[in-house]
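The values are calculated or read from the model by the stated rules, or taken from the named source; none is laboratory data. All values reported here derive from a predicted model rather than from experimental measurement. Cβ coordinates were reconstructed from backbone atoms using ideal geometry, including for glycine residues, and neighbour counts include every protein chain displayed.
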Amino acid sequence: VSAERGGYDHFMMKEIHEQPKAIRDTLTGRLDETAGQVKLPELKLSTQEINEIDRIHIVACGTSWHAGLVGKSMLEKMTRIPVEVDIASEYRYRDVLHTSNTLVIVISQSGETADTLAALRDCKKKGLRVLAITNVVGSSVAREADDVLITWAGPEIAVASTKAYTTQLIALCLLSIYFAQVKGLMSSDDAHDWVTQLANLPQLAEQVLDTAPQLEKFAADWVHAEDTFFIGRGLDFSVALEGSLKLKEISYIHAEAYAAGELKHGTLALITDGVPVIAIATQPHLYEKTLSNIKEVKARGAFVLGITWVGNQDLAHSVDEVIYLPQQCAELSPVLTVIPLQLLAYYAAVARGNDVDKPRNLAKSVTVE
Ligand code: G6P
């Protein structure tokens, strides 16, 4: 079994470390670095069909839903098409407003999640076009969707999803760029920039993995915590949700993710001496605002771990520990930011003696409703 785990103690750690490769594999064949273009030959959607899309609904569960939240931001920014993101078990039972040109994107690592599959089938019955982002070739979702984008993360064994999430973000980014190119909304300079940024990501992810010892130490100091808060704004809030889920799933520490600007409307009451707060501040246009939220929790005694990029050295004055990401990468920052959060959850779970790969009450793929 140790050989299957590639020398790591757990599949989760192996999969966290496989992310640079998983990202690279998901990009392979889809980037034309010379032309500065994204190619998605597997899509059957025609130029005309893409131009006609007037709404996008993203539907998923768990970590895949969190990827969808980031996808909304990428798609809206690049394609100017309004995007809604729903949890599949909510989407199925609500009175969804769609048009005949609504594109539904379902995201599912396994391609077998009951609620996601049921939502897909409902949409097909309504005559809506469905595009699936999945990690399993030949899964139910892959077979039943009209279009499929495979994330080439390779088999994910640990219940807590890691490399599937990062590759879902890559797939969503590729799709956003591709749609923007087809719609004539992306300048050739911007497209070149995106392609270069994507191509550099595996190597940056590799560098972020080097923060592991820092997170192991932080987790050890913090093993007896009862509650933890993850705060951020914009994309940092989306990734905070994923960090909080990871921690709950495997360490069983109660965690809550909050939009940093919303703290003052209630959650701040829970911040007392020593409460751990993970504060994510990677978005340049939100940095100052987030910093002032960090100072608010610090003033109430929180023990703060900050995550920012290496250019923001000043964050160190306002927090107890800082994890620096090697480079600022705008819309793609969640791909890097999530890595320390995965490591933190992992080390906290190990320190508490939990079964990291098979947490209590949870299943890798939920095929019942
Ligand atoms: C389960 C897993 C999660 C996963 C969710 C959705 O709850 O434990 O890790 O995010 O299902 O799975 P899917 O395969 O549809 O992405």
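Brief remarks on what is shown
- Looking across K364, K358, K295, one residue alone is surrounded by fewer than 24 Cβ atoms within 10 Å (Cβ to Cβ), of a type outside the set (A, V, I, L, M) and away from the ligand (no atom under 16 Å from the Cβ). It is K295.
- A count restricted to the stretch 332-355 and to residues that are surrounded by fewer than 20 Cβ atoms within 10 Å (Cβ to Cβ) and within 20 Å of the chain's Cα centre (by Cα) stands at 0.
- Restricting G127, G111, G154 to those that are among the small types (G, A, S), more than 11 Å from the ligand (Cβ to nearest atom) and either farther than 27 Å from S251 by Cα or crowded, with 18+ Cβ neighbours inside 10 Å (or both) reduces the list to G127.
- Scan of the stretch 332-361 for residues that are modelled with pLDDT of 95 or more, of a type in the set (A, V, I, L, M, F, W, C) and either in a loop (DSSP other than H, G, I, E, B) or out of contact with any strand residue (DSSP E or B) (no Cβ under 8 Å at 6 or more places or on another chain) (or both), ordered by number: V335, V338, I339, L343, A345, A348, A349, V350, A351, V356
- Where I323 falls short, out of the listed (1) at pLDDT 95 or above; (2) in a loop (DSSP other than H, G, I, E, B): (2)
- Among the residues listed as A118, A142, A132, the single one being outside any loop (DSSP other than H, G, I, E, B) and out of contact with any helix residue (DSSP H, G or I) (no Cβ under 8 Å at 6 or more places or on another chain): A142
- Flag if I56 is touching a residue at least 12 places away in the same chain (Cβ under 8 Å), buried (at least 22 other Cβ atoms within 10 Å of the Cβ), under 21 Å from the mean Cα position of the chain (by Cα) and not in a helix (DSSP H, G or I): yes
- The stretch 68-88 - residue that is within 16 Å of the ligand (Cβ to nearest atom) and among the β-branched types (V, I, T) and, of those, farthest from P334 (Cα to Cα): I87
- The residue list V159, V96, V137 contains one member that is surrounded by fewer than 22 Cβ atoms within 10 Å (Cβ to Cβ), under 18 Å from the mean Cα position of the chain (by Cα) and in a loop (DSSP other than H, G, I, E, B), which is V159.
- From the options L235, L198, L241, residue that is touching a His at 6+ places or on another chain (Cβ under 6 Å) and crowded, with 16+ Cβ neighbours inside 10 Å: L241
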